[in-house]
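The block underneath contains the structure these notes are about, expressed in structure tokens.
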Amino acid sequence: MLDIKSLMVFYENALAVNNLNLDVRKGEIVGVFGSNSAGKTTLINTIAGLTLHLKWREQRKGGQRITIVGAQLFEDEDIGKLSPSERVKKGIVLCRERHPVFRDLAVEENLRLGGFLIKNQAKVKKSIDLVYSIFPPLTKLKTRKAGLCSGGEQEMIAIGMALVARPKLLLLDEPLLGLSPAMQAIVVQALKDIRKLEVTVLLTEQYARPIMPHIDRGFIIENGTLIMSGTQEELMDNPEVISAYFGM
Ligand SMILES: Nc1ncnc2c1ncn2[C@@H]1O[C@H](COP(=O)(O)OP(=O)(O)O)[C@@H](O)[C@H]1O
Ligand SMILES: [Mg+2]
């Protein structure tokens, strides 16, 4: 479904993603693991088109800071030059790190905004109901300002907004970051529900432990470079992975 080939992303002379190959097959949950600054956000933002968007924005001001090379294929189509919204229309939807929400808007208004590219309001309404079924705690918070919700609730809203955009490939940047174990469990359960909807998931995390049992395959990156990849079983059987990424 997604094929990233020999991807390199430079900020100025600094290499944030180094000759990276990664693929995601339809129906999978795939994890990208790496420490802080490993290049996870750059990678996922590049797939979503945000890095290209930033490059264009800087170019308009005369900047030449960002370089992106390599192939980005989605359903066998070259998406490397598409804007973020064109990628959303293709079904690639990103939920950014640290659960960004519109703090002054109510929970339901946030969810509705997730569907801003969809004209059919009945379809949006249906998707919002689906989000409430995946995240039951949000049902009671429909009219609460998102800024007053807890971090975990905001993560549910942020993932919910992405779901309302009807992704084929959902990109989640550190969805468990900063959440309590109870909230992590809710998000992990939601991933299982999301998979049943035939949504493919590519997610990043710094700490593999809470999510590893729920992924099909994983990629481990350090300093933008892929150092290991494999199925969940292969990674969990690997002593190096266990000591470096499970803290055991
Ligand atoms: N907009 C940017 N401009 C310049 N350097 C950046 C920018 N975003 C990230 N970087 C650098 O790229 C590297 C990878 O960062 P990032 O992709 O955010 O990693 P992670 O998400 O794994 O923490 C880091 O060295 C970071 O400082
Ligand atoms: Mg990051």
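In this structure, does Arg166 turn out to be assigned to a loop (DSSP other than H, G, I, E, B) and within 23 Å of Leu43 (Cα to Cα)?
Yes.
From the list Ala16, Ala38, exactly one residue is within 9 Å of ligand 1 (Cβ to nearest atom), part of a strand (DSSP E or B) and surrounded by 14 or more Cβ atoms within 10 Å (Cβ to Cβ). Which is it?
None of the others qualify; the one that does is Ala16.
Return yes when Lys89 is charged (D, E, K, R), closer than 20 Å to Asn45 by Cβ and not in a loop (DSSP other than H, G, I, E, B) and no when it is not.
So Lys89 fits the description; yes.
Could you tell me whether Lys5 is open to solvent by 70 Å² or more (accessible area, probe 1.4 Å), more than 29 Å from Ala244 (Cβ to Cβ) and either touching a residue at least 60 places away in the same chain (Cβ under 8 Å) or within 16 Å of ligand 2 (Cβ to nearest atom) (or both)?
no
For region 98-138, name all the residues that are in a helix (DSSP H, G or I), under 21 Å from Lys196 (Cα atoms) and of a type outside the set (A, V, I, L, M, F, W, C).
Matches in region 98-138: Lys123, Lys125, Lys126, Ser127, Asp129, Tyr132, Ser133, Pro136, Pro137.
Go through (1) polar (S, T, N, Q); (2) crowded, with 17+ Cβ neighbours inside 10 Å; (3) touching a strand residue (DSSP E or B) at 6+ places or on another chain (Cβ under 8 Å) and name the single condition Asn110 misses.
It is condition (3) that Asn110 fails.
Among the residues of region 48-62 satisfying the criterion of being more than 12 Å from ligand 1 (Cβ to nearest atom) and either open to solvent by less than 10 Å² (accessible area, probe 1.4 Å) or in a helix (DSSP H, G or I) (or both), which is farthest from Gln232 (Cα to Cα)?
Of everything passing the filter in region 48-62, Arg60 is farthest from Gln232 (Cα to Cα).
Do we find a residue being more than 24 Å from Ile47 (Cα to Cα) and either among the charged types (D, E, K, R) or crowded, with 17+ Cβ neighbours inside 10 Å (or both) anywhere in region 211-228?
no
Considering only residues that are over 16 Å from the mean Cα position of the chain (by Cα) and of a type in the set (A, V, I, L, M, F, W, C), look in region 144-178 and name the one that is most open to solvent (accessible area, probe 1.4 Å).
Applying the filter and picking the extreme gives Leu148.
So in region 176-211, with the set limited to residues that are of a type outside the set (A, V, I, L, M), in a loop (DSSP other than H, G, I, E, B) and away from ligand 2 (no atom under 16 Å from the Cβ), which one is nearest to Phe135 (Cα to Cα)?
Residue satisfying both the conditions and the ranking: Ser180.
Any residue that is away from ligand 2 (no atom under 16 Å from the Cβ), open to solvent by less than 70 Å² (accessible area, probe 1.4 Å) and among the aromatic types (Phe, Trp, Tyr) - is there at least one of those in region 98-107?
no
Could you tell me whether Asp193 is crowded, with 21+ Cβ neighbours inside 10 Å and under 18 Å from the mean Cα position of the chain (by Cα)?
The answer is no for Asp193.
The values are calculated or read from the model by the stated rules, or taken from the named source; none is laboratory data. Because the structure is predicted, anything quoted here is derived from the model rather than measured. All Cβ positions, glycine included, derive from the backbone under ideal geometry; neighbour counts span all protein chains shown. Side chains are part of the model used for accessible areas, which takes the heavy atoms of the whole protein and leaves out ligands, DNA and RNA. Shrake-Rupley method; radii C 1.70, N 1.55, O 1.52, S 1.80 Å.
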